[in-house]
Amino acid sequence: MVSFYPGPSRIYDGVPRWTAEAARKGILSMNHRSPEFMDLVEKTNRLLRARLHIPKTYAIFFVSSATECWEIIAQSLVHNHSLHLHNGSFGEKWYHYTKRLKPQATDEPFDPDTIPDLDRLNPSADAVICLTHNETSNGTCIPTGFLRDLRKRFPSQVIAVDATSSMAGVNLDFKAGDVWFASVQKCFGLPAGLALLICSPRALERARSLGERLHYNSIVFLETMMALRQTTHTPNILGIYLLCRSLEKTGPIASTEKKIAQRARAWYEFLGMRHGLRPLVPNSAVQSKTVIAVAADPGQISTIKRVARQAGFLLGNGYAPWATTSFRIANFPALTNKEINGLLRVMKAF
Ligand SMILES: *Cc1c(COP(=O)(O)O)cnc(C)c1O
């Protein structure tokens with residue numbers, strides 16, 4: 001079964017081979033304070049920067065999930081106020097998680113078919129502005145232009161971006177934000193259990209000035225340990241190894257993005273020509289390239305999912321409010337043209 005689920009999703013074909021290799025090389029029982037581990041961290045760090053164009057001045061931390069990143073940001077970077085822009089389930093969940101830890105958190109919901117309105121935003125002076133770059137629940141993506149405008153409008157504010165279903169699929173403008181994070185079971189094409197938390201000098205400075213040291217994953221601790229090429233806890237060493245190996249194989253993000261954009265264009269063109277199927281969000285300016293959300297009537301959706309499954313393709317269910325009126329198709333880099341064409345053939349019948 002080929003998983004077109006937008007996470008966990010299809011993994012790279014190399015994963016079983018790299019896992020066997022990890023076992024053979026002793027990676028699976030490697031000590032996380034050993035020089036070998038520190039070399040692995042160093043190399044993975046270097047490859048991440050080279051492939052994804054992460055600025056030299058930004059720190060990269062290995063944590064366990066995107067959900068953990070929501071908590072780390074609330075703990076270590078939010079003084080009192082965080083402002084959450086959201087148009088779907090993941091952004092909203094982030095807001096609710098934060099609100100439990102920092103009750104002064106506020107939100108600014110916006111319609112999935114639109115770009116948020118900068119003029120409505122009123123963050124307090126030290127508020128962290130939180131937004132979801134690619135909203136996996138409804139297949140929308142915040143345009144890079146908006147992120148740059150946001151940066152310009154609030155030049156000294158800490159801006160945190162959930163890029164879980166877009167990092168490693170599209171070229172992110174890291175300079176437009178201070179905190180970027182993603183778990184690896186989406187565009188990275190790897191098994192779940194590892195996430196990257198990327199922090200700008202401004203974010204690190206904020207963490208130091210707040211000096212929050214109540215948690216094993218407080219950013220000040222992450223930073224101290226990463227200076228030694230280590231982690232605060234025993235991390236997912238196999239996950240880091242698989243990430244390292246996969247980055248050796250994948251090219252620069254610009255070429256991945258080109259492939260993803262071409263495939264997305266083909267998906268949206270295809271949906272534009274159907275009678276019963278259409279993109280969940282009509283506004284092409286906010287349609288995601290990495291997660292294609294398709295709207296149709298509920299009866300037809302269950303038929304398509306069943307027929308696709310019989311042909312060996314697993315589609316993603318609709319999420320939360322769109323559970324019965326949509327389904328989702330991952331457009332992640334690990335999927336092959338052959339698999340995509342196979343699914344397209346199945347869908348042509350509808
Ligand atoms: C999948 C996803 C998450 C949750 O990721 P975990 O690794 O399960 O914590 C958070 N945000 C977005 C946008 C996602 O797509």
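Observations on the structure shown:
- A Cβ distance below 7 Å, combined with a sequence gap of six or more or placement on separate chains, defines the contacts here; from the range 327-348, residues that are without any contact (Cβ under 8 Å) to a residue 40 or more places away in the chain reach residues that are among the polar types (S, T, N, Q) in the pairs Phe327/Asn317.
- Of the candidates Glu135, Glu223, the single residue that is open to solvent by 10 Å² or more (accessible area, probe 1.4 Å), of a type in the set (D, E, K, R) and touching a residue at least 40 places away in the same chain (Cβ under 8 Å) is Glu223.
- The residues listed here are Ala334, Ala266, Ala296, Ala308; of these, the one that is touching an Asp or Glu at 6+ places or on another chain (Cβ under 9 Å) and open to solvent by less than 60 Å² (accessible area, probe 1.4 Å) is Ala334.
- Subset of the range 1-49 (residues that are polar (S, T, N, Q), over 30 Å from Met347 (Cα atoms) and open to solvent by less than 60 Å² (accessible area, probe 1.4 Å)): Thr19, Ser34, Thr44, Asn45
Yes/no per residue for (1) away from the ligand (no atom under 16 Å from the Cβ); (2) farther than 23 Å from Ser166 by Cβ:
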| position | (1), (2) |
| --- | --- |
| Ala254 | yes, no |
| Tyr268 | yes, no |
| Arg274 | yes, yes |
| Arg278 | yes, no |
| Ser284 | yes, no |
| Lys289 | no, no |
| Val294 | yes, no |
| Pro298 | yes, yes |
| Ser302 | yes, yes |
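Conditions (1) part of a strand (DSSP E or B); (2) β-branched (Val, Ile, Thr); (3) open to solvent by 10 Å² or more (accessible area, probe 1.4 Å), marked per residue:
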| residue | (1), (2), (3) |
| --- | --- |
| Arg151 | no, no, yes |
| Trp180 | yes, no, no |
| Gly189 | no, no, no |
| Ile198 | yes, yes, no |
| Ala203 | no, no, no |
| Arg208 | no, no, yes |
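- Meets criteria (basic (Lys, Arg) and part of a helix (DSSP H, G or I)) for Lys258: yes
- Options Gly189, Gly239, Gly211; residue that is farther than 30 Å from Ile329 by Cα and not β-branched (Val, Ile, Thr): Gly211
- Output for the range 311-328, where each listed residue is of a type outside the set (A, V, I, L, M, F, W, C) and either open to solvent by 50 Å² or more (accessible area, probe 1.4 Å) or modelled with pLDDT under 95 (or both): Asn317, Tyr319, Pro321, Thr324, Thr325
- Residue in the range 101-132 that is nearest to the ligand (Cβ to nearest atom), counting only those that are open to solvent by 60 Å² or more (accessible area, probe 1.4 Å) and closer than 20 Å to His79 by Cα: Leu101
- Residues of the range 82-100 satisfying the condition of being surrounded by fewer than 17 Cβ atoms within 10 Å (Cβ to Cβ) and either at pLDDT below 95 or away from the ligand (no atom under 13 Å from the Cβ) (or both): Lys99, Arg100
A quick yes/no check of all residues on (1) open to solvent by 40 Å² or more (accessible area, probe 1.4 Å); (2) within 24 Å of Gly14 (Cβ to Cβ); (3) of a type in the set (Lys, Arg):
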| site | (1), (2), (3) |
| --- | --- |
| Arg148 | yes, no, yes |
| Gln157 | no, no, no |
| Lys175 | yes, no, yes |
| Ala227 | yes, no, no |
| Cys244 | no, yes, no |
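The values are calculated or read from the model by the stated rules, or taken from the named source; none is laboratory data. Since this is a predicted model, take the numbers as computed values, not measurements. With ideal geometry, Cβ positions are generated from the backbone for all residues, glycine too; neighbour counts draw on all protein chains shown. Ligands, DNA and RNA are stripped out before the accessible areas are found, and what is left, the full protein with its side chains, is counted by its heavy atoms. Shrake-Rupley method; radii C 1.70, N 1.55, O 1.52, S 1.80 Å.
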